[in-house]
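> My questions all concern the structure below.
The values are calculated or read from the model by the stated rules, or taken from the named source; none is laboratory data. None of these values were measured; they are calculated from a predicted model. Because the Cβ atoms are built from the backbone with ideal geometry, glycine has one as well, and the counts that use them run over all protein chains shown.
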Amino acid sequence: MNTREDRRSALGRLLAESERAVVFTGAGISTESGIPDFRSPGGVWEKFKPVMYQDFVVSDAAKREYWRQRFSREGAMLQAEPNRGHRAVEKLVRTGKISAVITQNIDGLHQRSGVPEDRIIELHGNSTYASCLECAARYEIPPIREAFLKNETLPLCNHCGGAVKTATISFGQSMPEDAMRLAQIETLQCDLFLAIGSSLVVYPAAGFPLMAKEHGARLVILTRDPTDLDRYADLVLNDEIGPVLGDVVGVN
């Protein structure tokens, strides 16, 4: 397959032949919506030193730095809209081709594109709302933002007094057991695994593509840049995600 058209046609055939596909998405699908990547050169972590979870739990200073970073970089996320890639994934879910969307992203764009909540498995949580670390009570971001930007008031749980942070998995925080278990179940049951927009270097999440391949699924990797797992894939497309998926699936 020497041409872009050949590779896109091959992706269409693999989708047509699949009876139970799984999509695994990383930051690359959302950078096309204007959300900066975290780890790539020029990404978020070159500008901010991440606050470790252990520090957040014990230190008010760390909590304030965490919320300062959260609100200083939220502009792009607030303005972002689902792109053709998100809409293509939504169509594949809606038409029954995809059984689950496993995502490393925390931006909520899959939900906003129309994918039902119960079909999305968020490995790194979700930054569009907050939750109590003690009782898991949910809190919306705007009231937290208003209070913090006024005088750096730290959010506390109204129910138990526990610390509140965005519902994301921070550095040093344990991966969510339920999400990891569900992702493994879906990975083992699929016949086609589509890894989209992920550098496939962050483990344990990046282990799912190989898990699928080892259990007989076909593996497709669609990213702008090569990955270390390309040699295991049945098809690799180094291309723009939205245009490829949009053309193959047939969405604007």
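> Please work out if T95 is surrounded by fewer than 17 Cβ atoms within 10 Å (Cβ to Cβ) and outside the structural domain of R145 (by TED's automatic domain parsing).
It is true that T95 is surrounded by fewer than 17 Cβ atoms within 10 Å (Cβ to Cβ) and outside the structural domain of R145 (by TED's automatic domain parsing).
> Take the conditions of a type in the set (A, V, I, L, M, F, W, C), within 18 Å of R73 (Cα to Cα) and either modelled with pLDDT under 95 or not assigned by TED's automatic domain parsing to the domain that holds H110 (or both) and apply them to A136. Does it pass?
No: the conditions fail for A136.
> Among L222, L229, L237, which is the only one that is within 18 Å of the chain's Cα centre (by Cα) and either modelled with pLDDT of 95 or more or under 15 Å from A100 (Cβ atoms) (or both)?
Step by step, each of L222, L229, L237 is checked, and only L222 is within 18 Å of the chain's Cα centre (by Cα) and either modelled with pLDDT of 95 or more or under 15 Å from A100 (Cβ atoms) (or both).
> Report, by residue number, each residue of segment 52-104 that is of a type in the set (G, A, S), in a helix (DSSP H, G or I) and closer than 22 Å to I144 by Cβ.
A61, A62, S72, G75, A76
> Give the residue that is farthest from R20 (Cα to Cα), with candidates limited to residues of segment 211-226 that are of a type in the set (K, R) and in contact (Cβ under 8 Å) with a residue 40 or more places away in the chain.
R224
> How about segment 105-139: which of its residues are assigned to a helix (DSSP H, G or I), more than 21 Å from L192 (Cα to Cα) and touching a residue at least 60 places away in the same chain (Cβ under 8 Å)?
The one that is assigned to a helix (DSSP H, G or I), more than 21 Å from L192 (Cα to Cα) and touching a residue at least 60 places away in the same chain (Cβ under 8 Å): L109.
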